[in-house]
Amino acid sequence: MNLSRSTAVRLAVAVLAVGATVPLAALPAQAASAGQAAPVTAAVLPAAVPFTAAAVTLNADGSHTVAWASPATAVTVTAVASADADAATGTVVGQGAGTGTLTVPAGALAAGTRWFFRLTPDSGAALTVADRSLHLADATNFRDAGGYRTTDGHWVRMGRVYRSGKLSGLTPAEQQQLTAAGITRDVDLRNASERGSAPDAIPAGLAYQVADVTSLAHGIGFHGNAVTTLLGALAAGLFNGSSDLGQSIGYPFMVDFTGSDRAFHDTLTAIEAEQGALVYHCTAGKDRTGWATAVLLTLLGVDRATVNADFLASNTYTGRPDAVELSWLDAAFAEVNHVYGSFDAYLHQGLNLTDADIAALRARLLV
């Protein structure tokens, strides 16, 4: 195949916005090494909580299942209406051993509220977690990006950062749920055509920011040879039997394209600066949003296996078992390693984040 540079550029930029499903076989193991953040600076973070696992599930019947693991002897579970609720507030819904499961029956808590559960051990700091999904019928992949443990024992705060697909179909009641969640900024990763045909339906007063991953507003630039990247991605996809080559190309170009650098930089610095909660999204909430989340969680120190699991969860939340494949994420991390040599170098040289930016993100989002 003999592609001109202009053809390669148009194809590389276009596939980022397509959202087609493309299986791609796993790339070399170096991808895993690329998905490691620089060590978390302990000096800017509070002490770690003792929990090694914690999760909440809102069941179809309205009950909540709360599960946790810790070295504590006993844990008290308190329902609160906010992730930042004062320690003296809330309703105690049960107690258990250091590792345990508790079911809060339907009707025990008021309906229509997203309930958080504060897990208080008999020694050590408390942890607050919630069901990750906001259960919005018209934004099915709208979920909390927090609630994950880092490799050094900290946790990503819940109720601060959300990820989603397009927000154009939100009803007034669903918009009110965004307000109730404390969301004050909406960062839109979509291109101009997507934004024009399906503009976000968000509450009045919620700040709206565009961070177009495929924008050509600042010109066309790549960190490597675009044709080489394109042909390499095509070859890998063909060799491994991809059914659609769009994603085989798109994920590496989210790392190589300088317009994408700007979009992800702006998304992360918006999270850093926003006083309230923030949501970022694309159309399906799985590819551009998926990479943005993988970058954020890795920056915060979440291990690669957990990052992978969050990425693959789009298959569940969208109701499409083939919405994403792990090999696509592997391809992006492999490109990080290929171009920059390390994830930390990608943050600094590709996304133009400073040490102060990274420290501020960790201080704001880790507990």
Just one listed residue, out of Gly124, Gly146, is under 24 Å from Gly301 (Cβ atoms), open to solvent by less than 10 Å² (accessible area, probe 1.4 Å), not polar (S, T, N, Q) and not in a strand (DSSP E or B), and it is Gly146
If we keep only residues of region 184-229 that are in contact (Cβ under 8 Å) with a residue 24 or more places away in the chain and assigned to a helix (DSSP H, G or I), then the residue least open to solvent (accessible area, probe 1.4 Å) is Ala226
Of Ala88, Ala79, Ala106, the only residue that is in a loop (DSSP other than H, G, I, E, B) and at pLDDT 95 or above is Ala106
Of the residues in region 320-332, those that are open to solvent by less than 30 Å² (accessible area, probe 1.4 Å) and either assigned to a loop (DSSP other than H, G, I, E, B) or in contact with a Cys (Cβ under 9 Å, 6 or more places away or on another chain) (or both) come to Ala323, Val324
Within region 333-367, of all residues that are in a loop (DSSP other than H, G, I, E, B) and either touching a His at 6+ places or on another chain (Cβ under 8 Å) or among the β-branched types (Val, Ile, Thr) (or both), the one farthest from Val295 (Cα to Cα) is Val367
Result of the Cβ filter at 9 Å on region 82-93, keeping first residues that are of a type in the set (Ser, Thr, Tyr) and partners that are open to solvent by 60 Å² or more (accessible area, probe 1.4 Å), at least 6 apart or interchain, is Ser82/Thr89; Thr89/Ala81; Thr91/Ala108
The one condition Tyr346 fails out of (1) of a type in the set (Phe, Trp, Tyr); (2) under 21 Å from Glu194 (Cβ atoms); (3) open to solvent by less than 10 Å² (accessible area, probe 1.4 Å); (4) modelled with pLDDT of 95 or more is (2)
Taking region 109-134 and the residues there that are of a type outside the set (Asp, Glu) and modelled with pLDDT under 95, the one that is farthest from Gly285 (Cα to Cα) would be Ser123
Residues in region 101-113 that are touching a strand residue (DSSP E or B) at 6+ places or on another chain (Cβ under 6 Å) and either open to solvent by 50 Å² or more (accessible area, probe 1.4 Å) or farther than 14 Å from Ala55 by Cα (or both) total 3
By residue number, the members of region 60-73 that are open to solvent by 40 Å² or more (accessible area, probe 1.4 Å) and either touching a residue at least 40 places away in the same chain (Cβ under 8 Å) or closer than 21 Å to Ala180 by Cβ (or both) are Asp61, Thr73
Within region 265-319, the residues that are under 16 Å from Met158 (Cα atoms), open to solvent by 10 Å² or more (accessible area, probe 1.4 Å) and either part of a helix (DSSP H, G or I) or touching a Leu at 6+ places or on another chain (Cβ under 7 Å) (or both) are Glu272, Thr306
Within region 187-211, of all residues that are in contact with a helix residue (DSSP H, G or I) (Cβ under 8 Å, 6 or more places away or on another chain) and among the charged types (D, E, K, R), the one farthest from Phe142 (Cα to Cα) is Glu194
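Matching residues to (1) open to solvent by 20 Å² or more (accessible area, probe 1.4 Å); (2) of a type in the set (Val, Ile, Thr); (3) within 20 Å of Ser133 (Cβ to Cβ); (4) touching a Lys or Arg at 6+ places or on another chain (Cβ under 7 Å):
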site: Val56; (1), (2), (3), (4): no, yes, yes, no
site: Val80; (1), (2), (3), (4): no, yes, yes, yes
site: Asp86; (1), (2), (3), (4): yes, no, no, no
site: Thr99; (1), (2), (3), (4): yes, yes, no, no
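The values are calculated or read from the model by the stated rules, or taken from the named source; none is laboratory data. Predicted model, so just to flag it, every value in this text is computed and none were measured. Positions of Cβ are backbone-derived with ideal geometry, glycine not excepted, and every protein chain shown enters the neighbour counts. Accessible surface areas use protein heavy atoms only, side chains included; no ligands, DNA or RNA. Shrake-Rupley method; radii C 1.70, N 1.55, O 1.52, S 1.80 Å.
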